[in-house]
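For reference, the structure is listed below as structure tokens.
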Amino acid sequence: MYKQASIVNYAKENDFVILTHDLDFGTILFVTNGQKPSVVQLRINDIYPEIDSDYLISALNFAKTELENGALLIIDTKKTRMRILPLQVAR
């Protein structure tokens, strides 16, 4: 998880959004109560660029403002979910 933490720090310092298939980034945001960087998690089995690229681009455009301000966007084949940062335990 050290590599992921380094990526999170780099993205935060440079105001980047992380696009990943790795679930550890969401965990890091939760544990650290992070407000940035935004993370887009692809929960798609086949993650080649030509597969579902229209769906991905549409989801990114829809969540543009939230991603600029700090969000976790989870994209799978059936739906897209978004949580505003910092992540908190649902009650």
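Miscellaneous remarks
- Whenever a residue of the stretch 38-50 is within 25 Å of GLU66 (Cα to Cα) and among the hydrophobic types (A, V, I, L, M, F, W, C), its partners that are loosely packed, with under 15 Cβ neighbours inside 10 Å and modelled with pLDDT of 70 or more, lying with C-beta atoms within less than 6 angstrom and at least six residues away or across chains, give the pairs LEU42/HIS21; ILE44/THR77; ILE47/HIS21.
- Single condition ASP22 does not satisfy, out of (1) within 20 Å of GLN88 (Cβ to Cβ); (2) surrounded by 12 or more Cβ atoms within 10 Å (Cβ to Cβ): (1)
- Filter pass, ILE7 being surrounded by 13 or more Cβ atoms within 10 Å (Cβ to Cβ), in a helix (DSSP H, G or I), at pLDDT 90 or above and in contact with a helix residue (DSSP H, G or I) (Cβ under 7 Å, 6 or more places away or on another chain): no
- Taking every residue in the stretch 65-78 that is assigned to a helix (DSSP H, G or I) and modelled with pLDDT of 95 or more and pairing it with any residue that is surrounded by fewer than 21 Cβ atoms within 10 Å (Cβ to Cβ) and not hydrophobic (A, V, I, L, M, F, W, C), at least 6 positions away or on another chain, the pairs with Cβ-Cβ distances below 9 Å are GLU68/ASP15; ASN69/GLN35; ASN69/LYS36.
The values are calculated or read from the model by the stated rules, or taken from the named source; none is laboratory data. These numbers come from a predicted model, not from an experiment. Reconstructed Cβ throughout: ideal geometry from the backbone, glycine too, with neighbour counts over all protein chains shown.
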